[in-house]
Structure formats: C-alpha cells, structure tokens
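One structure below.
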Amino acid sequence: MRTLKWTIAIAAVLAATGLFNACHKNLTPATPGAAAAIKADDVVVRVNELQATVIDYCGPGPACAPGTIDTNLARQIVGGLIPLRNALVKAPDGWKATARQAWADVKPKFAGVKNPAIQSALAIVDALIGGL
Amino acid sequence: MSPLLLSALLNNIALPELTRWLADLHANGRVVTEDEARAKLQADADAGNAAAAAFLASHPAA
C-alpha cells in the first residue's frame, strides 16, 4: 500500500512537471502557421512518449509479457496513435477537430491499463489535446 | 517500487522532462520559421509512426 501511494505520488509529480514544461515553451513562432505547427509538435512528442511507455511496458515480442498488457490491446493502442499523429501533422488545416476525434477513438482503450507510467503520460496527452 | 516500474518512469517520463527543460533553456527566445516548425513536426510524427509499425510487426495479433 505504501509503495502504491509513492508510485501514484511520483506519477502525479511527473505529470504535473510535464504539463508545466508543455505550457512554458520558450520558442518564438515567426507566423501563426509556425505557432500551430509548434503546438501540434508538442502533442506529437507527448504521444510518442505515451506510445514508448506502452511498448516498454509490453516488452519484446511476439507477445506482451505476462501480467502487463494484453497484446491485442497494446496493438490497438499503438495502432490508434497513428491516425492521431497523422491528424496532428496536418496542422493548421482543420487539424484540431480531427485530432480530438482520433484521440476520442483511442483514449477509451486505456481504461483497463493501470500502469502509473502510462497513466502519467496519458494525462499529459489528454490535457494537451483538451487544450487545443 | 518495482524496478521495472521505476525504470519506465525514469526512462519515459523523468529523463524526457529533464532533457526538454534543458533544451528549452537553450532555445530561450529563438524565432522559429514555419518551415522549421513543420519539418520538426513531420520528423517527430514519422519517428512515432515508424516505432508503431515496428511494434505492430514484432507483436502479431494473438
């Protein structure tokens, strides 16, 4: 129980740090198009980190390690992040609605995944897409 | 805390946050053109999609 509390506390601090970093970019966009691309890239970077966390958690193939995540679920999550990235790359041409829809399609698949590292990365992506 | 979980937190969250923070310090105030921003966006998306494709290939549907 004590370990679980520490794990949740660490995950919460990391997620908060991530949101702080995501909201405090020091780059100056030259145009509104550059600003949109920078914003979309911030999300893509976080989506990549979320994906890497899922892949790490699953472990080497051909199947995810026992007691981690179901292989088919991991495939659905990783596969579902591809259209999200492809929507974000289209910034600023109608990207926000498409990205939100792609995220809405894949987010429910995380419902049964309780790994704190994944939940922390998920919270950051969710907040960024919610703020688009 | 399990070593695997600690490793996942450090490698996938803590280290990227630290790296990003240092990069932000270095890039403070730099003006980014639309071409630069789009190129980085495309490169990051391509890298993510390549990692996804590799994972899907190495983890066939059960």
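Quick note: the coordinates plus some simple rules give every number you see, no bench work behind them. Not measured: the values here are computed from a predicted model. Please note: Cβ atoms are built from the backbone with ideal geometry, for glycine as well, and neighbour counts cover all protein chains shown.
Only counting other Cβ atoms within 10 Å, I'd like A:THR31, A:THR68, B:THR19 sorted with the fewest neighbours first.
B:THR19, A:THR31, A:THR68
Quick check: residue separation of A:THR31 and A:LYS107 times 0.36 nm, minus the Cα distance between them. What number comes out in nm?
Between A:THR31 and A:LYS107, full extension yields 24.2 nm more.
Compute the distance in nm between two label points, each set 7 Å from the Cα along the Cα-to-Cβ direction, one at B:ALA50 and one at A:GLN76.
With each label placed 7 Å out from Cα toward Cβ, I get 2.9 nm.
Evaluate the Kirkwood expression for the hydrodynamic radius of region A:46-85, namely the inverse of the mean inverse distance over all pairs of different C-alpha atoms, and round to one decimal in Å.
The Cα-based Kirkwood calculation yields 10.2 Å.
If you find the alpha carbon centre of region A:99-122 and of chain B, how far apart are they in angstrom?
17
Measure of size requested: the Rg and Dmax of region A:28-132, with Cα atoms as the atom set and Å as the unit; please supply both.
My reading of the Cα-based Rg and Dmax gives 14.5, 49 Å.
In the P(r) worked out for chain B, what percent of Cα pairs fall beyond 15 Å?
I get 73 percent for the Cα pairs in chain B exceeding 15 Å.
Which of the aspartates and glutamates could be linked to A:LYS114 by a straight reach, that is with a Cα gap under 12 Å, when you skip same-chain ones fewer than 8 residues away?
Output for A:LYS114: empty list, no partners.
Any chance you could list P(r) for region A:81-132, counting all Cα-Cα pairs in 10 angstrom bins from zero, rounded to whole %?
All Cα pairs considered, the percentages come to 25, 54, 19, 2.
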